[in-house]
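The structure appears below as structure tokens.
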Amino acid sequence: MLKNDFCISEGCYFLSHSVGRPLKSSQQYFTEHYLSPWQDSNKEPWQQWLPQIDAFTSALGKLFNSPSSQFCPQVNLSSGLTKLVMSHPQLQQARCKVLMAQSDFPSMGFVMQKALPRCAEILFIPEEENLSDIAVWERYLTSDIDMVFVSHVYSNTGVQAPISDIVLRSKMTNSLSIIDVAQSAGVLPIDLTTLDADFMIGSSVKWLCGGPGAAYLWVNQNQLEQCKPKDVGWFSHEDPFEFNINHFSYHHSALRFWGGTPSIAPYVIAVNSINYLADLTVRKVREHNLAMISNIHQHLSEFVVSPIQSNQCSGTVILFFKNKQQQILAALGKANMSVDERKHGIRVSPHIYTTKKDVNALINTIKQALKEFD
């Protein structure tokens, strides 16, 4: 049983949309590839540490079906998006126009407000629109849009955006496309070579079970030469060890977005979990996830406010119990079931380590609580 590969304490864990559970092998892998080179030798550990960054981008390449050279490690999505927006001439021109959704994660909007030129315009698709419907995107993604920012999954609603159709639409309108996979990487299969978006940003902390600090930026090869990052450091250089303060040349790969002396530890942890899930395949994760959420849909359908169709729903089910919401939350907490709540309802995210027994326990706890509060 795959659950045995993960660190799972007592109770039922449904918070993979927030923080995925670590693998039991994480500590040993971290010790071997990070602590041991530092602790067990009097030699400089960088020669053992830096290959783990290559391992990180290689693991991402395997997961997303793309050359590893198109990935660059980032501290978080906000940092990666800031570097990207400030690097591309199309996004720094006068009266640049960007499309995103009111339902995007707030920090993405904060970045746009600060990284774009003052004269830029940000157009938000209203919250009440159905973001799983390509017809909605077609109404807003017009020929005057310079870039469309798309969250593959909207965390508060459980909606999956039709990213393939949106990318095709963006090519018709000559708009750049940026896909945010923070809430989908590891649970929804993504093939970057087939998708052919211009850019992608993501992290490892959620469904990829890699902890915080190991985010990443992906750049389409067709866009790479146009990107001239302003936030650079010696690891953005084509030859980081040239040590000539009067000469700077951008790295030929996406590593031009890297920056100064890099963090290593978060990426070591993430390498282990990303490789695990890439080898397992995200397709299998999604099949299991759909089986679990279908069970929830079947027994609690009247309380489901997130999409039910597999091509429209994320890995998360949103449940809303109206005036009984707080009582249900209290009952789940008492039963040691980890969920959380946003304004649209209670979020429940079954991962590969979630069993049918876990989901049945959740359903039964909710049904029992509803009876008690009738």
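Nothing in this text is a laboratory measurement; each read-out follows from the coordinates by a stated rule. In this text, all values refer to a predicted model and were calculated from it rather than measured experimentally. Counting neighbours? That spans all protein chains shown, and the Cβs are built from the backbone with ideal geometry, glycine included.
Of note:
- Scaled radius of gyration (Cα, divided by 2.2 N^0.38 Å) that segment 270-374 gives: 1.13
- For segment 195-338, the Rg and Dmax computed from alpha carbons only, in angstrom: 21.8, 67
- For the chain, the longest principal axis of the alpha carbon atoms and the long axis of helix 265-280 meet at an angle near 60°.
- Of the residues LEU99, TRP46, VAL19, the one whose Cα sits farthest towards the positive end of the charge dipole of segment 1-110 is LEU99 (charges of +1 on Lys and Arg Cβ, -1 on Asp and Glu Cβ, taken about the Cα centre).
- Against the empirical 2.2 N^0.38 Å (N residues), segment 84-230 has a Cα radius of gyration ratio of 0.98.
- Counted charge near ALA101, where neighbours are those whose Cβ lies closer than 10 Å (Asp, Glu -1; Lys, Arg +1): -3
- Per-residue ellipticity at 222 nm computed for the chain from its helices equals -10500 deg cm²/dmol, with DSSP H segments shorter than 4 residues left out and the rest contributing -39,500 (n - 2.57).
- Rel. contact order, % - alpha carbon contacts under 8 angstrom, at least six apart, segment 1-154: 17 percent
- Across segment 222-280, the relative contact order, built from alpha-carbon pairs under 8 Å that are at least six residues apart, equals 34 percent.
- Gyration tensor (alpha-carbon) shape descriptor, segment 250-293, a/c threshold 1.5: prolate
- Most positive-pole-ward Cα, VAL136, PHE110, SER338, against dipole of the chain from beta carbon charges: SER338
- Length-normalised contact order of the chain in % [C-alpha pairs under 8 Å, at least 6 apart]: 23 percent
- All aspartates and glutamates inside 19 Å of LYS3 as judged from Cα atoms, apart from same-chain residues fewer than 8 positions distant: ASP279, GLU287, ASP358
- Charge dipole (debye, nearest 20) of segment 246-339; +1 at Cβ of Lys and Arg, -1 at Cβ of Asp and Glu: 140 debye
- Packing around the peptides 193-205, 95-107, taken as the average count of other Cβ atoms within 10 Å per residue, puts them in this order, highest first: 193-205, 95-107.
- Radius 15 Å from Cβ of ASP196, net charge of other residues (Lys, Arg +1; Asp, Glu -1): -1
- Of every Cα-Cα pair in segment 178-263, the percent that sits beyond 18 Å: 52 percent
- Nearby aspartates and glutamates by direct alpha-carbon distance to LYS171 (threshold 14 angstrom, same-chain neighbours under 8 apart not counted): GLU138, ASP144, ASP146, ASP196, ASP198
- Projected label distance in nm at LYS371 and GLU238, using a 7 Å step from Cα toward the beta-carbon: 7.3 nm
- Stokes-Einstein D (µm²/s) once Rh is taken as the Kirkwood radius of segment 1-60 over alpha-carbon pairs, at 37 °C in 0.692 mPa s: 237 µm²/s
- Of LYS24/LYS367; LYS24/LYS356; LYS83/LYS206, those spanning more than 29 Å from alpha-carbon to alpha-carbon: LYS24/LYS367
- Between the Cα long axis of helix 163-172 and the first principal axis of the chain there is an angle of about 40°, rounded to the nearest 10.
- Each other residue within a Cβ distance under 15 Å of ASN364 adds +1 if Lys or Arg and -1 if Asp or Glu, for a net charge of +3.
- Per-residue HN-Hα couplings for segment 198-206 [Karplus 6.51, -1.76, 1.60; θ = phi - 60°; Hz; x = Gly/Pro]: 7, 8, 9, 10, x, 9, 10, 6, 9
- Nearest-20 debye value, the chain charge dipole, Cβ charges on Lys, Arg, Asp, Glu: 740 debye
- Rg over Rh, two decimals, the chain (C-alpha only, Kirkwood Rh): 0.99
- Efficiency of FRET between ASN130 and ALA265 - r from beta-carbon atoms, R0 45 angstrom, step 0.05: 0.65
- Descending Cα extents along the principal axes, segment 1-142, whole Å: 56, 42, 26
- Dipole axis of segment 215-373 (+1 Lys, Arg; -1 Asp, Glu on Cβ), positive-most option in LEU290, TRP234, GLN221: LEU290
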